[in-house]
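Colleague: First, the structure itself, so that you have it in front of you.
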Amino acid sequence: MEKISIDEFKKGEIMIGKIVSVELIEGSDKLLKLGVDFAEERVRTVVSGIRKYFEDPQTLVGTKCAFATNLEPRPLMGLVSEAMILAASTDDGKFSPLRVSDDIPEGTKIK
């Protein structure tokens, strides 16, 4: 993998968000529409290809996770994704969003 400088790394913003809603996206068996609270004026929409990892996606509601928050908005299935959830996955299908404890407030930036 290509190395980047610390200055390039600092351009990225990683923030804690609380998933407040989860919706299935009609016509997609891969995508979920997440409503994520970053302690901003409004809840952001995050479209993520994580549906296959959750038998009941509603279990994500209330979860605090790390998100890349300063990416260019990206259109997916007629929606605009305004961040990207960070997660770990393995070649054998194990998957976990990067969760944080409930005592870390929404909007906290990872430094």
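Computed from the coordinates by the stated procedures, all read-outs in this text should not be read as laboratory data. Owing to the predicted nature of the structure, the values given are computational and were not obtained by experimental measurement. Here the Cβ is made from the backbone with ideal geometry for all residues, glycine too, and neighbour counts use every protein chain on show.
Colleague: Applying 1/(1 + (r/R0)^6) with R0 = 25 Å to the Cβ-Cβ distance of residue 39 and residue 2, what FRET efficiency is obtained, to the nearest 0.05?
Modeller: That pair, residue 39 with residue 2, gives E of 0.15.
Colleague: Along the charge dipole of the chain, pointing to its positive end and built from +1/-1 on Cβ of Lys, Arg, Asp and Glu, which listed residue (15, 27, 47) has its Cα farthest out?
Modeller: With unit charges placed on the Cβ atoms, the residue in question is 15.
Colleague: As a test of the formula, what do you get for the chain when each DSSP H run with n ≥ 4 contributes -39,500 (n - 2.57) and the sum is divided by the residue count, at 222 nm and rounded to the nearest 500 deg cm²/dmol?
Modeller: -1000 deg cm²/dmol
Colleague: Given DSSP loops and a limit of at most 12 other Cβ atoms within 10 Å, what is the longest stretch of the chain that contains no such GluC sites (Glu not before Pro)?
Modeller: 56-111
Colleague: Collect residues whose amide H, placed 1.01 Å from N in the peptide plane, falls under 5 Å from the amide H of residue 50; neighbours closer than 5 in sequence don't count.
Modeller: Hits under the 5 Å cutoff: 32.
Colleague: Under the Karplus relation 6.51 cos²θ - 1.76 cosθ + 1.60, θ = phi - 60°, what is the ordered set of whole-Hz ³J(HN,Hα) values for region 68-84, x standing for Gly and Pro?
Modeller: 7, 10, 10, 7, 4, x, 10, x, 9, 6, x, 10, 10, 8, 10, 5, 9
Colleague: Roughly speaking, what % of Cα-Cα pairs in region 6-97 are separated by over 23 Å, rounded to a whole number?
Modeller: 22 percent
Colleague: Turning to a different aspect of this structure: Straight distance only, please: which lysines reach the Cα of residue 52 with their own Cα at less than 23 Å, same-chain residues fewer than 8 apart left out?
Modeller: Partners within reach: 18, 30, 33, 64, 94.
Colleague: Residues with amide H under 5 Å of residue 87's amide H, sequence separation 5 or more or different chain, H placed in the peptide plane at 1.01 Å from N; which?
Modeller: It is 98, by chain and number.
Colleague: Net charge near residue 79: determine it from the other residues with C-beta under 13 Å of the C-beta of residue 79, scoring Lys and Arg +1 and Asp and Glu -1.
Modeller: Result for the neighbourhood of residue 79: 0.
Colleague: What nm distance separates the two modelled labels at residue 23 and residue 70, each placed 7 Å from Cα along Cα→Cβ?
Modeller: In this crude label model, residue 23 to residue 70 measures out at 2.9 nm.
Colleague: DSSP loop trypsin sites (Lys or Arg not before Pro) in region 63-101 with at most 11 other Cβ atoms within 10 Å of their Cβ, which ones?
Modeller: 94
Colleague: Right, something else. At 7 Å along Cα-to-Cβ for each site, give me the label-to-label distance between residue 58 and residue 10 in nm.
Modeller: 4.6 nm
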